[in-house]
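These notes concern the structure reproduced below.
The values are calculated or read from the model by the stated rules, or taken from the named source; none is laboratory data. Here the structure is a predicted model, which means the values were calculated and not measured. When we count neighbours, we look across all protein chains shown, and the Cβ atoms used for this are built from the backbone with ideal geometry, even at glycine. Surface areas here come from the heavy atoms of the whole protein model, side chains and all, with no ligands, DNA or RNA. Shrake-Rupley method; radii C 1.70, N 1.55, O 1.52, S 1.80 Å.
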Amino acid sequence: MVDTRFALYPPYGTDIPNMNDKNGNLETAAHPENLRRVAIDPVSRVEGHGKVTLLLDENDRVHQVRLHIVEFRGFEKFVQGRPYWEAPVMVQRLCGICPVSHHIAASKAMDMIVGATLTPTAEKVRRLMHYGQILQSHALHFFHLSSPDLLFGFDSDVARRNIAGIAAAYPEVAKRGVLLRKFGQEVIRITAGKRIHGTGSIPGGVNKNVSTEERDYLLKDIEQMIAWSRDALVLVRQLFEQNLDLYNNFGRFKTHTLNLVREDGALDLYHGGLRARDMDGNTLFDHYDSRHYWDVIFEDVKPWSYMKFPFLRSLGPERGWYRVGPLSRVTQCDFIPTPLANQARKAFMAFAGGSVAGATMGFHWARMIEMLHAAELIQELLHDPDLQGNDLVSKGQRQERGVGVIEAPRGTLIHHYKVDEHDQIVRCNLIVSTTHNNQAMNEAIRQVARQYLDGRKLTEGLLNHIEVAIRAFDPCLSCATHALGKMPLQVELLDVEGGVLSTLARSADGAFS
Amino acid sequence: MTDTFQLDGATVSFEPCQTVMQAALTAGRYIPHLCYHPEFKPHGSCKLCTIKVGGRTLSACTMPAEAGLQAESNIEELNALRRTLLQMLLVEGNHFCPSCEASGNCQLQATAYELQVMTPHFNQFFPDRPLDGSHPDILLDFNRCILCELCVRASCEMDGKNVFALAGRGITKHLIVNAESGMLRDTDIALEDKAMHVCPVGVILKKGVGFSVPIGARRYDQRPVGAQALDDAPRPAISGSCDACEGKS
Ligand code: SF4
Ligand code: FES
């Protein structure tokens, strides 16, 4: 019998529905043969290699915009045959940016395999690790990667639009970014054993608790982290106040959403049921058991991209794409279960008549709300004596299939394994956050192309607008180079025969040639 | 009565029938090794223990200690050769430490740290040998075997079971399971067997254990391999006899 839970939709080799757009959505040009091709090719050093291609006519009108990301498919093959208990550690290698998210999602899947119900200590240590990851990842993204765009302007002087420029002009902002991130990494080190490639989370639990010394070491800085997270929210709000039109409209598009929520509708980044809402706010499903995600989500393939395009089954492959991540989580949950972040959420949802909640740039604000939430949760957990418990691992009835779903910094992350009677993994399916956002990112950059590029000569500043839109989602590829403005970019204008008309290149040191 | 020899300029005393390796370890002087194990007859296959005596290279684990011997071990010339041997072992198997459950308990890794191997240097072989997960309690990952034969010796000499063997020659040499099916489930191996506890790398694994020992509490997190080898050395000096001199004393 064919196991449809692992089948691709549509199966390889069958005709892919014609995606030629008739309504100007810029996915596929009607007559590509007459157009110039422009490729924005950021060569990244880690897994997430991204590239944007544009097709322009002789009047610089944009006809087609596509974001291509080379996905992590190789891993699903690589893990086959390996013992199941190795997966939570091994999967961290597929992403140098948020290894802890994969570590935890795979562990949750393996909890199912070993039939475990986690002990309170195990779940709390894992949550602590996860919140440390959220904190460090969001801090990295906001302070290191995005603040140069936000504080200097999207087409500001490229020479200073980077973290070094921020350090010179806003030393306090840069310093806080570094220290927030460092704190998150310390939480990870203490719970996972190492800052990267830790081993703390294992099938059925964790391999260590948090000692009182470790707890006290983290507690001494946590108030400061909460205060700085609150300050970051003030900064984001100011930026929105100063640039309301720009931020509200930049790359704005309507979208369905997907995220996990707790049983009572609260934001929960570690565990919950799936909630999907359509672009008008109608609920498509709620509290859906994520262990059966394949009943509600399917993955489409398109001939021009290696990355799959997940969609909500009930809406079909063409209309069913959706957006995940901080903006979806913060706007779609009913409340946030920590007081300061909940207050911040209310302010965000009410700002400018609620319009920011639908803006692509709203991602940045939502991310800072989550950073505060993570800091509050870390504080709460550190005061919980269960962290010092010694009941670390549990086991139960062995299962064949394991699904682990969490809300990673960038959005919903799904790990799905099948393990045979020899304890070896026979199949694996991963849907990473950036894949969920594949179509949504494409929509955002098409919108930016319409708004800013259409009919204009390309410049570095315009090019950066595309990057700003991609960066709002915090996909792996933007972090891959670890510093904004240092992403090597190459843009080539080609004629119809593929001959190079002109090139624009930015080297890793930010220089243009 | 004890005789002495010189190792790297220091005087090492030895008992009759001791090898250079045994005498050196007992005297608190580490000579790098992989296939030597204090509880088994020397094997002399990994060559990591190579020392120089009068310009000739010899294996310290098989060389009987002799009075007046002038041996060199901890010299850059030999350590460079040892690093090369380790690099060859590291590329020949799949030794991906960040995702290997033996990391921190692995003698190959610990010895590479001890001798400061910084890069693999050679191209990886990336062997793709299927794992044997057929036994309910034990899993074999053949892709990490360094052919030291410790499991073969342990199973044969101590467990009396003969579960493992090496087959093939030269580059095709590999570990096999002594069963008609070739599967571990068809042997009488048990978790308590000595063969379960001697593998210096991560081939013979108790199922489900994985990464349950946290980083910081693993064997070589505590003390480097050199210091631990000295702890494990037979002490007080073994007296009495071995097979070779049975009846002579
Ligand atoms: S399995 Fe381990 S003990 Fe046996 S020969 Fe290979 S490396 Fe040596
Ligand atoms: S330890 Fe002497 S040859 Fe291996």
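Structure notes:
- Cβ-based net charge around A:Pro148, under 9 Å, with every Lys or Arg adding one and every Asp or Glu removing one: +1
- Using heavy atoms of the protein chains and a probe of 1.4 Å, the accessible area assigned to A:Thr434 is about 10 Å².
- Extreme residue, positive dipole direction of the stretch B:118-221, given options B:Gly208, B:Phe125, B:His174 (C-beta unit charges): B:Phe125
- Charge dipole (debye, nearest 20) of the stretch B:132-219; +1 at Cβ of Lys and Arg, -1 at Cβ of Asp and Glu: 420
- Cα-projected label distance for A:Asp245 with A:Phe335, points at 7 Å along beta-carbon direction, nm: 3.8
- Accessible carbon and sulfur surface of the stretch A:106-260 relative to its total accessible area, %, 1.4 Å: 52
- Taking a sphere under 10 Å around the Cβ of A:Asp231 and counting the other residues whose Cβ falls inside, with K and R at +1 and D and E at -1, yields a net charge of +1.
- Legend: residue pairs A:Lys182/A:Lys346; A:Lys77/A:Lys418; A:Lys395/B:Lys206; A:Lys418/B:Lys207; A:Lys124/A:Lys208; A:Lys51/A:Lys302, Cα-Cα distance threshold 21 Å; pairs beyond threshold, A:Lys182/A:Lys346.
- Reachable lysines from A:Lys175, criterion Cα separation under 19 angstrom, eight or more residues apart if same chain: A:Lys220
- The stretch A:365-437, relative contact order in percent, only Cα pairs under 8 angstrom and at least six apart counted: 19
- Taking 7 Å steps out from each Cα toward its Cβ at A:Lys457 and A:Glu318 produces label points 4.0 nm apart.
- Charge dipole magnitude, Cβ of K and R +1, D and E -1 - the stretch A:145-282, Cα centre, debye nearest 20: 420
- Rounded accessible area of B:Val201 (nearest 10 Å², 1.4 Å probe): 10
- A Förster radius of 45 Å, combined with the Cβ-Cβ distance separating B:Asn162 from B:Gln222, puts the computed FRET efficiency at roughly 0.85.
- Where A:Arg93, B:Arg153, A:Arg319 fall by accessible area, highest first, once all protein chains stay in place (1.4 Å): A:Arg319, A:Arg93, B:Arg153
- Backbone N atoms of the stretch A:205-227 closer than 16 Å to the 7 Å Cα→Cβ label point of A:Lys175 belong to residues A:224-225, A:227.
- Nearest-10 value in Å² for the accessible area of B:Leu81, using the 1.4 Å probe: 100
- Positive minus negative residues near A:Ile202 (Lys, Arg vs Asp, Glu; Cβ under 12 Å): +1
- Taking every protein chain into account, the accessible area of the stretch A:231-300 amounts to 42 square angstrom per residue (probe 1.4 Å).
- Oblate is the label for the stretch A:328-428. Its Cα gyration tensor axes, ordered a ≥ b ≥ c, give a/c of at least 1.5 and b/c at or above a/b.
- Under the combined filter of DSSP loop state and at most 15 neighbouring Cβ atoms within 10 Å, the stretch B:9-48 retains none of its chymotrypsin sites (Phe, Trp or Tyr not before Pro).
- Mean sequence separation of contacting Cα pairs (under 8 Å, at least six apart), scaled by the length of chain B, corresponds to a relative contact order of 21 percent.
- Using C-alpha pairs under 8 Å with a sequence gap of at least 6, the mean separation divided by the residue count of the stretch A:216-285 gives a relative contact order of 19 percent.
- Each peptide in A:98-106, B:129-137 was scored by the mean count of other Cβ atoms within 10 Å over its residues; highest first, the order is A:98-106, B:129-137.
- Accessible carbon and sulfur surface of the stretch B:76-220 relative to its total accessible area, %, 1.4 Å: 53
- Take the accessible area of chain A alone and of chain B alone, subtract that of the pair, and you get about 1800 Å² summed over both chains, using a 1.4 Å probe.
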